């Protein structure tokens, strides 16, 4: 049974264990694969409005997500989220659970819509998952993502109204 | 005759005179209309890779733009620019000149494409201008911009390959 709760300072080492392999692989997130831990902390914890962890019954961190305004001022009613599931915990619905949780949190925080800026088109599982959760591909950036094996691949902008 | 040159530290007061009325008006840029000067300096000068000014023969600043990677790491081959022309200098082709200049600079800096993340749909002149310069609307964010008079209006994601 997975529970999603707000980030606490002691969570970072476990979160970094989840994030690091994904960032180093460089196939789904735009972060530099050589990103340093303190930069990752800045992006994932300091910059966002809030960060959450998905934990199992033993309290082990299996996933994490952040939420933040996607733009300042006149664009700040649209939020942006990023989700990462631990490689050994995939296929258990944790990404889905975090996506649903983040939409509730976004509504509570007063956001009107959620936008993903760069969903890598070759990450077909993610594209399908977000579509299942009501997100629409509003546009495709040709060659918008440099995949470490495939070279320049397309990336989607995905969007969902929350009310 | 308008000349475009790199930003020098002494330019900031003149740049702020150009930016401030546009930011305060809040109809074209997502910045908070109440943005403080030091925040504007951070966004326009410190954060970007480079900032430029468009000056007339007397050296007066009539326009300014910045250029920066639109995403980190695996998305950093796509740049983002923002342009502002002084209200009293509009209709003289300064935005066009800056757009062309920025594309040359982008190529020199090694960027492969240019992306505008939030072109307010009601800013029809800008949409047409970017289209004239080869940009395509790759997607439209429904209600992505909160216009101070019109409420939530659409915003376009626009994109152009540079090579």
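Read the figures in this text as sums done on the coordinates, not as results from a lab. Everything numeric in this text was worked out from a predicted model, so none of it was measured. Positions of Cβ are backbone-derived with ideal geometry, glycine not excepted, and every protein chain shown enters the neighbour counts.
Taking the condition of being under 17 Å from residue B:60 (Cα atoms) and touching a strand residue (DSSP E or B) at 6+ places or on another chain (Cβ under 6 Å), how many residues in the range B:86-124 meet it? Steps first, answer last, please.
Of the residues in the range B:86-124, the ones under 17 Å from residue B:60 (Cα atoms) are B:86-95, B:97-98.
Filter once more, keeping what is touching a strand residue (DSSP E or B) at 6+ places or on another chain (Cβ under 6 Å): B:86, B:89, B:94-95, B:98.
Total satisfying the criteria: 5.
From the residues in the range B:146-163 that are assigned to a strand (DSSP E or B) and more than 9 Å from every other protein chain (Cβ to nearest Cβ), which one is nearest to residue A:115 (Cα to Cα)? Working first, answer last.
Within the range B:146-163, the subset assigned to a strand (DSSP E or B) is B:146-147, B:151-161.
Those left that are additionally more than 9 Å from every other protein chain (Cβ to nearest Cβ): B:151, B:153-154, B:158, B:160.
Values: B:151: 19, B:153: 15, B:154: 13, B:158: 16, B:160: 21 Å.
Checked the range B:146-163; the qualifying residue nearest to residue A:115 (Cα to Cα) is B:154.
I need the full set of residues from the range A:144-161 which are crowded, with 17+ Cβ neighbours inside 10 Å and in contact (Cβ under 8 Å) with a residue 40 or more places away in the chain, in order please.
Answer for the range A:144-161, where residues must be crowded, with 17+ Cβ neighbours inside 10 Å and in contact (Cβ under 8 Å) with a residue 40 or more places away in the chain: A:145, A:147, A:156, A:157, A:158, A:159, A:160.
Among (1) in contact with a strand residue (DSSP E or B) (Cβ under 7 Å, 6 or more places away or on another chain); (2) free of Cβ contacts under 8 Å to residues at least 24 places away in the same chain, where does residue A:49 come up short?
The single condition residue A:49 does not satisfy is (2).
Output the number of residues of the range A:86-145 satisfying the condition of being more than 20 Å from residue A:156 (Cβ to Cβ) and within 11 Å of chain B (Cβ to nearest Cβ).
Going through the range A:86-145 one residue at a time, the tally reaches 1.
I need the full set of residues from the range B:66-103 which are part of a loop (DSSP other than H, G, I, E, B) and over 19 Å from residue B:8 (Cβ atoms), in order please.
Keep residues of the range B:66-103 that are part of a loop (DSSP other than H, G, I, E, B), which gives B:70-72, B:76-77, B:86, B:90-93.
Answer for the range B:66-103, where residues must be part of a loop (DSSP other than H, G, I, E, B) and over 19 Å from residue B:8 (Cβ atoms): B:70, B:71, B:72, B:76, B:77, B:90, B:91, B:92, B:93.
For the range A:129-141, give me the residue count where each residue is assigned to a strand (DSSP E or B) and surrounded by fewer than 16 Cβ atoms within 10 Å (Cβ to Cβ). Let's see the steps before the verdict.
Start the filter on the range A:129-141 by keeping residues that are assigned to a strand (DSSP E or B), which leaves A:136-141.
Then drop every residue that is not surrounded by fewer than 16 Cβ atoms within 10 Å (Cβ to Cβ), which leaves A:136.
Number satisfying all stated conditions: 1.
Scanning for something within 14 Å of chain A (Cβ to nearest Cβ) and not in a strand (DSSP E or B), does the range B:58-65 turn up at least one residue? Steps first, please.
Going residue by residue through the range B:58-65, those that are within 14 Å of chain A (Cβ to nearest Cβ) are none.
No, because not a single residue in the range B:58-65 is within 14 Å of chain A (Cβ to nearest Cβ) and not in a strand (DSSP E or B).
Considering only the range A:66-77, how many residues are in contact (Cβ under 8 Å) with a residue 40 or more places away in the chain and within 14 Å of chain B (Cβ to nearest Cβ)? Let's see the steps before the verdict.
Here is the first cut: in the range A:66-77, the residues in contact (Cβ under 8 Å) with a residue 40 or more places away in the chain are A:67, A:69-70.
With within 14 Å of chain B (Cβ to nearest Cβ) added as a condition, the list becomes A:69-70.
Residues flagged as in contact (Cβ under 8 Å) with a residue 40 or more places away in the chain and within 14 Å of chain B (Cβ to nearest Cβ) within the range A:66-77 amount to 2.
Which pairs have Cβ atoms under 6 Å, sit 6 or more apart or on different chains, and link a residue in the range B:95-110 that is without any contact (Cβ under 8 Å) to a residue 40 or more places away in the chain to one that is outside any helix (DSSP H, G or I)?
Listed pairs, sorted by first residue: B:95/B:83; B:95/B:85; B:99/B:133.
Of everything in the range A:9-57, what is out of contact with any helix residue (DSSP H, G or I) (no Cβ under 8 Å at 6 or more places or on another chain), within 14 Å of another protein chain (Cβ to nearest Cβ) and part of a helix (DSSP H, G or I)? Give them in sequence order.
A:24, A:25, A:39, A:42, A:43
Filter the range A:106-125 down to residues that are assigned to a helix (DSSP H, G or I) and surrounded by fewer than 20 Cβ atoms within 10 Å (Cβ to Cβ), then give me how many there are.
The initial filter retains those residues of the range A:106-125 that are assigned to a helix (DSSP H, G or I), namely A:106-108, A:124-125.
With the extra rule that they be surrounded by fewer than 20 Cβ atoms within 10 Å (Cβ to Cβ), the set shrinks to A:107-108, A:124-125.
Of the residues in that region, 4 qualify.
So which of B:63, B:73, B:82 is on the phi > 0 side of the Ramachandran plot, surrounded by 17 or more Cβ atoms within 10 Å (Cβ to Cβ) and touching a strand residue (DSSP E or B) at 6+ places or on another chain (Cβ under 9 Å)?
Working: B:63 fails: on the phi > 0 side of the Ramachandran plot; B:82 fails: on the phi > 0 side of the Ramachandran plot.
After ruling out the rest, the residue left standing is B:73.
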